[in-house]
Amino acid sequence: MRYYPVFLDLHGQRCLVVGAGEVGCRKIASLLESDPAVIHVLDVAEPSSCLQALLEDKRIIHERRGFLPQDAEGCALVFAATSNPAANREIVDICAAKGILCNGADAPQASSFIVPAHVQQGSITLALSTQGGSPALTRRLRRELEAWLGDRFTGLAELMARLRPLVLALQHETRRNTTLFRDLVESPLADALQRRDRMACEALLKDLLPPELHPHIMELLHDLA
């Protein structure tokens with residue numbers, strides 16, 4: 001396996017996108033979902049309608065000029081997405097020398113990272129990649145995963161996120177907590193939440209949760225069932 005799978009926390013970080021054509025705009029839009037502090041966008045061309053719409057977000061700083069090596073300083077991620085392969089490769093090489101993560105739109109093998117396809121449903125994110133070998137297969141897998149996932153685990157994921165700090169606050173041994181979390185996710189709770197069957201959810205939680213957490217069942221199920 002050449003690529004190490006990882007999810008990056010870009011909250012409050014600075015990112016750079018060089019080139020704001022169709023590919024660059026897609027990168028900008030996806031970066032905005034990760035809540036960076038700033039996305040610095042460089043492009044020598046007149047802003048497209050796509051970019052103009054994105055510029056309504058105040059986190060984007062746009063300059064109509066080319067890339068300079070100092071532009072990459074302090075950036076968590078850099079995307080080289082110009083229409084010039086040689087320029088993209090130069091940006092990738094400059095970032096590599098500085099130890100800055102950079103993806104070249106047309107140079108995945110030279111890039112320090114690639115962006116996997118992903119399926120998003122609530123707080124659940126499934127990422128998948130063929131390591132650049134077959135984007136067509138990746139797209140098919142994503143479609144099939146989207147169809148399989150649907151919203152079947154959205155409620156359970158939210159409930160588990162609410163429950164986790166309450167369980168850890170009890171300071172039980174790790175093995176006991178692991179067993180509890182496993183029993184919850186393997187129970188019919190996900191289906192009951194998807195049906196919004198409150199009585200079934202309450203019964204399952206009373207059966208599986210330690211008595212100390214029973215007073216929290218109502219808040220755990222708030223807006224979920």
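The values are calculated or read from the model by the stated rules, or taken from the named source; none is laboratory data. Values in this document were obtained by computation on a predicted structure and should not be read as measured data. Cβ placement follows ideal geometry from the backbone for every residue including glycine, while neighbour counts extend to all protein chains displayed.
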Task: Residues (in contact with a strand residue (DSSP E or B) (Cβ under 7 Å, 6 or more places away or on another chain), closer than 26 Å to GLY122 by Cβ and outside any loop (DSSP other than H, G, I, E, B)) located in region 4-31 - done: CYS15, LYS27, ILE28, LEU31
- [ ] Report the residue count in region 94-143 for those that are part of a helix (DSSP H, G or I) and out of contact with any Pro (no Cβ under 7 Å at 6 or more places or on another chain).
- [x] 13
Open item on the list: What's the total number of residues in region 41-91 that are more than 20 Å from ASP106 (Cα to Cα) and assigned to a strand (DSSP E or B)?
Closed with: 4
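Could you identify the single residue in ASP57, ASP71, ASP35, ASP43 that is among the charged types (D, E, K, R) and under 17 Å from the mean Cα position of the chain (by Cα)? Even if it seems obvious, please write down each step before you answer.
Details: ASP57 fails: under 17 Å from the mean Cα position of the chain (by Cα); ASP71 fails: under 17 Å from the mean Cα position of the chain (by Cα); ASP43 fails: under 17 Å from the mean Cα position of the chain (by Cα).
Step by step, each of ASP57, ASP71, ASP35, ASP43 is checked, and only ASP35 is among the charged types (D, E, K, R) and under 17 Å from the mean Cα position of the chain (by Cα).
A quick yes/no check of all residues on (1) surrounded by fewer than 16 Cβ atoms within 10 Å (Cβ to Cβ); (2) over 18 Å from LEU213 (Cβ atoms):
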| residue | (1), (2) |
| --- | --- |
| GLY133 | yes, yes |
| PHE153 | no, yes |
| LEU156 | no, no |
| LEU163 | no, no |
| VAL167 | no, no |
| LEU170 | yes, no |
| ARG176 | yes, no |
| ASP183 | yes, no |
- [ ] Go over the candidates VAL18, VAL41, VAL6 one by one and state the one that is of a type outside the set (Lys, Arg) and within 16 Å of ILE114 (Cβ to Cβ).
- [x] VAL6
Open item on the list: So GLU146 passes all but one of these: (1) of a type in the set (Asp, Glu); (2) more than 14 Å from LYS27 (Cβ to Cβ); (3) part of a loop (DSSP other than H, G, I, E, B). Which condition number does it fail?
Closed with: (3)
Open item on the list: Out of ALA29, ALA37, ALA20, I need the residue that is of a type in the set (Gly, Ala, Ser), modelled with pLDDT of 95 or more, in contact with an Asp or Glu (Cβ under 7 Å, 6 or more places away or on another chain) and surrounded by 12 or more Cβ atoms within 10 Å (Cβ to Cβ). Which one?
Closed with: ALA20
